[in-house]
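Inspection log for the structure reproduced underneath, given as structure tokens.
The values are calculated or read from the model by the stated rules, or taken from the named source; none is laboratory data. Predicted, not measured: the structure shown is a model, and the values here were computed from it. Please note: Cβ atoms are built from the backbone with ideal geometry, for glycine as well, and neighbour counts cover all protein chains shown.
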Amino acid sequence: MSKKSKKHQQAITTEVAEQQERKKLLRQLAIMKRLPNDFRDIDPGSIDWENFADITNRRKEITDWVNGPIVYFGELNEHEKIILGRPNKLIRFQLVDAMLDKTNWRNTMDYAEHIKASWIYLPDEEGPVVEALNVLFSRFGYNVRARGPVKSERTGQLIGVVH
């Protein structure tokens, strides 16, 4: 094989590699444009969640956050403890009479931020309420998100409750 032919093949190989890299970067850019800026606003475990982790190389940070402490109020049933407690740490937030006052919601948020909680578990709230809270938490810059009741993947009913 002549030198000219080798150089030509190397040039073609380099050009193909550059085109592939360019396509990959354009695909990643398109994905990132449609995703929220904060990974906490993406459903954990979803394809978008995985794409965000791969593109930004922040998988460890993302995984550490999703496995962080969960703040909850009241009592959890055994099934909730099993599901929510793996691998998260469950922290019961004691409700006192003063905490029922709406003005103390900020204290709850400050506490959750202080312990670096990932979630505030709200088993009695409906989906739209949890979604609205998450929008507010995101807009106010909190690193914690609300989580609604745990439901069975099979039946869609609340876990641990006999129907």
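Consider W119 carefully, then state whether it is touching a residue at least 40 places away in the same chain (Cβ under 8 Å), touching a Ser or Thr at 6+ places or on another chain (Cβ under 7 Å), under 21 Å from N143 (Cβ atoms) and buried (at least 17 other Cβ atoms within 10 Å of the Cβ). So W119 does not fit the description; no.
Output the residues belonging to the stretch 93-113 that are at pLDDT below 80 and not polar (S, T, N, Q). Those that are at pLDDT below 80 and not polar (S, T, N, Q): F93, L95, V96, D97, A98, M99, L100, D101, K102, W105, R106.
For (1) touching a residue at least 40 places away in the same chain (Cβ under 8 Å); (2) farther than 22 Å from S138 by Cβ; (3) of a type in the set (G, A, S), each residue gets a yes or a no:
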position: E18; (1), (2), (3): no, yes, no
position: R27; (1), (2), (3): no, yes, no
position: K33; (1), (2), (3): no, no, no
position: R40; (1), (2), (3): yes, no, no
position: E80; (1), (2), (3): yes, yes, no
position: L84; (1), (2), (3): yes, no, no
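Okay, residues lined up against (1) out of contact with any Cys (no Cβ under 9 Å at 6 or more places or on another chain); (2) at pLDDT below 85; (3) more than 26 Å from E125 (Cα to Cα); (4) assigned to a loop (DSSP other than H, G, I, E, B):
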| residue | (1), (2), (3), (4) |
| --- | --- |
| Q10 | yes, no, yes, no |
| E18 | yes, no, yes, no |
| E21 | yes, no, yes, no |
| L25 | yes, no, yes, no |
| P36 | yes, no, no, yes |
| A53 | yes, no, yes, no |
| E61 | yes, no, yes, no |
| I83 | yes, yes, no, no |
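Of everything listed in (1) surrounded by 11 or more Cβ atoms within 10 Å (Cβ to Cβ); (2) within 24 Å of L136 (Cα to Cα); (3) free of Cβ contacts under 8 Å to residues at least 12 places away in the same chain, the single unmet condition for D54 is (2). In the stretch 139-163, of all residues being touching a strand residue (DSSP E or B) at 6+ places or on another chain (Cβ under 8 Å) and more than 16 Å from I70 (Cα to Cα), the one that is surrounded by the most Cβ atoms within 10 Å (Cβ to Cβ) corresponds to I159.
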